[in-house]
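Here is the structure we will look at, set down as structure tokens.
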């Protein structure tokens, strides 16, 4: 029997210690700790695992260090497009949204899709219309912008105008038989 | 990308994932995070899973559901099933990681990149946070 009740991630990639300042590392750890504490508090108060997952992810979405919500990366066209999903292990209910641009906390909209619609997945403008109808918080697209992510796009555009990059990687070599994704950030 | 899996006092599992996608992406590209079974999955019989990484490979491997299926059909532990699905991603040429928490409170955080921002909390509130391998 294990001892864990909640696990989180904030993205994977080539996170090199030499590229991380002690101050930045401390900020990442503080962000992760805040999220863990929030989720644990929900569970300790008798909340459901769904409540804990939503509350925990909202903390991470609100933290500009992570590529979700505020601080999301930019598309080639200089836009933020957000995706999220949630699933209930008890009922196998699920909800997800993709390509939304004005939803402050996409995980909350994903949960609303699961609990307040007959659908599993909504995209783009339709998902945002649904958000307005069920009272999920909407923000101006400028809310998501951070200078670091904007400069990340400018650097990517200088290097190559068509390659997409994942979140946290640097100089990952291309593997045989794959599309070329140098400098992945995801 | 960020994700969370949780197990509550009633033994119910849940999983969630949220992301801004890939820098410089075009054409309305969507990765695995919002695809149920690829980047996000939960089943009280087995495990809750949230993935992060190169989404195309997670979609093609249906990673999150595959992990659950390996536990359900083959009886693998969450750790072995987690390593197995990440190896499949790597063998296809993709990279990234995942978090998984099974119905008994066992967890796994496998990844095949240089690092993954990750953390866990135990029943008694002990917090663990890791970044590098």
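The values are calculated or read from the model by the stated rules, or taken from the named source; none is laboratory data. Please read these numbers as outputs of a predicted model, since none were measured by experiment. As a convention, Cβ positions derive from the backbone with ideal geometry for all residues, glycine included, and neighbour counts pool all protein chains shown.
Considered as a group, the residues in segment A:1-41 that are in contact (Cβ under 8 Å) with a residue 12 or more places away in the chain and part of a strand (DSSP E or B) include one that is farthest from residue A:72 (Cα to Cα), and that residue is A:5. Looking across B:82, B:39, B:20, one residue alone is facing another protein chain (nearest Cβ under 8 Å), crowded, with 24+ Cβ neighbours inside 10 Å and touching a residue at least 24 places away in the same chain (Cβ under 8 Å). It is B:39. Taken over segment A:68-79, the criterion of being over 10 Å from the mean Cα position of the chain (by Cα) and at the interface with chain B (Cβ under 9 Å from one of its Cβ atoms) is satisfied by A:74, A:75, A:76, A:77. Taking the stated definitions as given, is residue A:44 surrounded by fewer than 18 Cβ atoms within 10 Å (Cβ to Cβ), without any contact (Cβ under 8 Å) to a residue 40 or more places away in the chain and over 23 Å from residue B:44 (Cα atoms)? No, not satisfied. A single entry from A:123, A:139 fulfils the requirement of being surrounded by fewer than 23 Cβ atoms within 10 Å (Cβ to Cβ), out of contact with any helix residue (DSSP H, G or I) (no Cβ under 9 Å at 6 or more places or on another chain) and under 20 Å from residue B:32 (Cα atoms): A:123. For first residues located in segment A:120-146 and on the phi > 0 side of the Ramachandran plot, partners that are assigned to a helix (DSSP H, G or I) and lie 6+ apart or on another chain with Cβ distances below 9 Å form the pairs A:135/A:112. So, in segment B:104-114, how many residues would count as being modelled with pLDDT of 95 or more and at the interface with chain A (Cβ under 8 Å from one of its Cβ atoms)? Matching residues across segment B:104-114 total 7.
For segment A:55-67, the candidate set comprises residues that are assigned to a helix (DSSP H, G or I) and in contact (Cβ under 8 Å) with a residue 24 or more places away in the chain; within that set, the residue that is nearest to the chain's Cα centre (by Cα) is A:61. Note on segment A:42-54: residues that are assigned to a loop (DSSP other than H, G, I, E, B) and either under 19 Å from residue A:108 (Cα atoms) or in contact with a strand residue (DSSP E or B) (Cβ under 9 Å, 6 or more places away or on another chain) (or both) amount to 2. Scanning segment A:11-24 for residues that are farther than 17 Å from residue B:112 by Cβ and either more than 7 Å from every other protein chain (Cβ to nearest Cβ) or surrounded by 23 or more Cβ atoms within 10 Å (Cβ to Cβ) (or both) returns A:18, A:19, A:20, A:21, A:22, A:23, A:24. Only a single criterion out of (1) free of Cβ contacts under 8 Å to residues at least 12 places away in the same chain; (2) more than 7 Å from chain A (Cβ to nearest Cβ); (3) assigned to a loop (DSSP other than H, G, I, E, B) is not satisfied by residue B:128, namely (3). Comparison of A:92, A:65, A:109, A:82 shows that the only residue that is within 11 Å of chain B (Cβ to nearest Cβ) and out of contact with any helix residue (DSSP H, G or I) (no Cβ under 9 Å at 6 or more places or on another chain) is A:92. Against the test of being modelled with pLDDT under 95 and more than 7 Å from chain A (Cβ to nearest Cβ), the options B:133, B:88 yield a single qualifying residue, B:133.
Report yes if some residue within segment B:91-98 is more than 8 Å from chain A (Cβ to nearest Cβ), more than 30 Å from residue A:123 (Cα to Cα) and touching a helix residue (DSSP H, G or I) at 6+ places or on another chain (Cβ under 7 Å); otherwise report no. No, every residue in segment B:91-98 fails to be more than 8 Å from chain A (Cβ to nearest Cβ), more than 30 Å from residue A:123 (Cα to Cα) and touching a helix residue (DSSP H, G or I) at 6+ places or on another chain (Cβ under 7 Å).
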